[in-house]
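All remarks here apply to the structure that follows.
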Amino acid sequence: MDSVRHEQILRAAVEVFVERGYRGTSIDAVAERAGLTRQGVLHYYPSKKRLYFALLHFREALTRQHVDHDDEPPDMACRFAEALEFDLGIPSLAQVHSVVMAEAAIGQEPARGFARARSRELNEMITRELTACYGPRLPSGLTARAGAAALLALVAGLQQQWLVQADEEETYPVLVRDSIRALLLGSAEAPAAGERGGQARTAG
């Protein structure tokens, strides 16, 4: 029952934060959206900040569950394309990320602190994955660290375009995959499964 109630509150919180941002959101508004009392929400999330961080991790967990694969070595272009497509298939998930980044960009807390910390974590994680897959230098010529930073920037930009141009959304999964492959591999062509590991050995 607790897990159901947690998800009920978090889904309501996502909707309210998207509509109002962090400063405009109140526990009362989230409680009303969730069909609970203020105390009912506070029982699970004692403060608005705790609720805010919980909903951000909830959003990431949903995406991660959707794109977890056992492909070895991974096709990272497909993984990122699937993650973005999943987020944008549930508009509130994509929108809450955009709201967080917009607030972070103008220095609003706690969005700024969360975004900076998460960006560092993602950069390190993707750098490790790229290094494991391709070695210290990617087939495109970028270092793994530069590739990680460029990949995150590319995905963020494509996400914004996808949200703005929703009428063209069916073209974006292919665009995302091709763009990431070009960034990492120097070509939009998908490598054969057996070739990805080979590129890791020859890229250095």
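If the segment from M101 to Q39 were pulled out straight at 0.36 nm per residue, it would be longer than the present Cα-Cα gap by 19.4 nm.
As an equivalent ellipsoid, region 98-160 spans semi-axes of 26, 12, 7 angstrom, where each value is the square root of five times an eigenvalue of the C-alpha gyration tensor, largest first. Under a 5 Å amide H cut-off, with hydrogens placed 1.01 Å from N, L36 pairs with nothing among residues at least 5 apart or on other chains. Rounded to a whole number of µm²/s, how large is the Stokes-Einstein D of region 1-54 at 37 °C and 0.692 mPa s, given Rh as the Kirkwood radius over C-alpha pairs? Translational D for this selection: 309 µm²/s. With distances taken between every two different alpha-carbon atoms, region 50-140 has a Kirkwood hydrodynamic radius of 14.6 Å.
Values in this text are rule-based calculations from the coordinates and carry no lab data. All of these numbers come straight from a predicted model, not from anything done at the bench.
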